[in-house]
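Accompanying notes for the structure given below.
The values are calculated or read from the model by the stated rules, or taken from the named source; none is laboratory data. The model shown is predicted, which means the values in this text are computed figures rather than measured ones. For neighbour counting, all protein chains shown are included, and Cβ atoms are generated from backbone atoms with ideal geometry for every residue, glycine included.
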Amino acid sequence: MEDRRPRLAAVLLPLAVLLGAVSLALAAWSLVGALRAVRPSGGQLLLAAVLEVLILVQAVVAVVLMVVGTPPLSTATFVGYLLTIVLLLPVGVFWGLADRSRWGNGVLAITAVTTAVLVLRLEQIWNR
Amino acid sequence: MSPTSGRPAGPPSDLRPALRSGPGRLLVAVYGVFAISASARAGVQIVTSFSVAPLAYLLSALAAAVYVVATVALVRSSERSRRVALVSVTTELVGVLAVGALSVGDPQAFPDETVWSGFGAGYGYVPLVLPVLGLWWLCSQRPRRPV
């Protein structure tokens, strides 16, 4: 029983690194869009969708780990962050796409940067 | 029917979607993020360990309330909510400056972090810059009254 957790847990760090990289890529793309004063493109939307899928995978892995293994020290905080990171991107994309100007791209950039920060915080809380 | 002849009571004449479009849309996004993170932080602090630092945690709750009110007011985007936002953003600026100064000058009073301690250093000083941008935006959206 005990040795199942480390094996599955080994997935979490690479997944978090990938999540961080994809969200920062989305942030950079959106920032460039905002500076060039264009509205968000379909490619950005696709990348955001990929990011959300990765976030959901991470959430499922984390929940499985919490159920079968020892949960993180501050479980409530961890679950709070998990819920926030799952919901943040869809809400941010919805809010950003409603504005057909550079500011929509600005909203996407902020959403993506916040997602990257949340990934980092989740990782810290998990390992505390 | 001259639009300046009288202001009909009710929200339709008050609606100013401009407050939440353009730069306002960006502000709503940042305020929304801070509303969520400050509320969650204050909630966890107060529920799990209120007695450790009551002052800091109550200030966390105040900060959270200020961010929530500002976010909702910006989203509502009416002239009345613009004034509500003005009050909450001003409170935010005073709060971040006061708590920032106190936490640096008298760290004993703040055994635990709040969003505003160290002038928001834990949040990349965004809490310090945000109210300034907010005040600029809200003042730039002041309606021009017909003379």
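Checking A:Val63 against (1) assigned to a helix (DSSP H, G or I); (2) surrounded by 15 or more Cβ atoms within 10 Å (Cβ to Cβ); (3) modelled with pLDDT under 95, which test does it fail?
(2)
Among the residues of segment B:64-105, write down those that are under 26 Å from B:Gly118 (Cα atoms) and among the polar types (S, T, N, Q).
Initially, segment B:64-105 is screened for residues under 26 Å from B:Gly118 (Cα atoms), giving B:64-71, B:85-105.
Result: B:Thr71, B:Ser88, B:Thr90, B:Thr91, B:Ser103.
Please specify each residue of segment B:89-105 satisfying the condition of being free of Cβ contacts under 8 Å to residues at least 40 places away in the same chain and over 15 Å from B:Ser60 (Cα atoms).
Just the residues of segment B:89-105 that are free of Cβ contacts under 8 Å to residues at least 40 places away in the same chain, to begin with: B:91, B:94-98, B:100-105.
Matches in segment B:89-105: B:Ala101, B:Val104, B:Gly105.
Listed here are the residues, each with its yes/no results for (1) within 12 Å of chain B (Cβ to nearest Cβ); (2) closer than 24 Å to B:Ala35 by Cα; (3) polar (S, T, N, Q).
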| position | (1), (2), (3) |
| --- | --- |
| A:Gln58 | no, no, yes |
| A:Thr70 | no, no, yes |
| A:Tyr81 | yes, yes, no |
| A:Thr84 | yes, yes, yes |
| A:Leu87 | yes, yes, no |
| A:Trp103 | yes, yes, no |
| A:Ala109 | yes, yes, no |
| A:Ala116 | no, yes, no |
| A:Val119 | no, yes, no |
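Residue by residue through segment A:88-115, note down the ones that are surrounded by fewer than 19 Cβ atoms within 10 Å (Cβ to Cβ) and in contact with a helix residue (DSSP H, G or I) (Cβ under 9 Å, 6 or more places away or on another chain).
Across segment A:88-115, the qualifying residues are A:Pro90, A:Val91, A:Leu97, A:Ala98, A:Ser101.
For segment B:43-74, which positions are surrounded by 15 or more Cβ atoms within 10 Å (Cβ to Cβ) and of a type outside the set (A, V, I, L, M, F, W, C)?
Those that are surrounded by 15 or more Cβ atoms within 10 Å (Cβ to Cβ) and of a type outside the set (A, V, I, L, M, F, W, C): B:Gly43, B:Gln45, B:Tyr57, B:Ser60, B:Tyr67, B:Thr71.
Which of (1) under 18 Å from B:Leu128 (Cα atoms); (2) in contact (Cβ under 8 Å) with a residue 60 or more places away in the chain; (3) out of contact with any Gly (no Cβ under 8 Å at 6 or more places or on another chain) does B:Gly32 not meet, given it meets every other one?
With respect to (1) under 18 Å from B:Leu128 (Cα atoms); (2) in contact (Cβ under 8 Å) with a residue 60 or more places away in the chain; (3) out of contact with any Gly (no Cβ under 8 Å at 6 or more places or on another chain), B:Gly32 is out only on (2).
Conditions (1) within 14 Å of another protein chain (Cβ to nearest Cβ); (2) touching a residue at least 24 places away in the same chain (Cβ under 8 Å); (3) out of contact with any strand residue (DSSP E or B) (no Cβ under 8 Å at 6 or more places or on another chain); (4) not hydrophobic (A, V, I, L, M, F, W, C), marked per residue:
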| position | (1), (2), (3), (4) |
| --- | --- |
| B:Leu27 | yes, yes, yes, no |
| B:Ala61 | no, no, yes, no |
| B:Ser78 | no, yes, no, yes |
| B:Val87 | no, no, yes, no |
| B:Phe119 | no, no, yes, no |
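Filter segment B:75-108 down to the residues that are among the basic types (Lys, Arg) and closer than 21 Å to A:Asp99 by Cβ, then identify the one that is surrounded by the fewest Cβ atoms within 10 Å (Cβ to Cβ). Steps first, answer last, please.
Within segment B:75-108, the subset among the basic types (Lys, Arg) is B:76, B:80, B:82-83.
Right, trim to closer than 21 Å to A:Asp99 by Cβ and you get B:76, B:82.
Details: B:Arg76: 19, B:Arg82: 22.
If we take residues in segment B:75-108 being among the basic types (Lys, Arg) and closer than 21 Å to A:Asp99 by Cβ, then B:Arg76 is surrounded by the fewest Cβ atoms within 10 Å (Cβ to Cβ).
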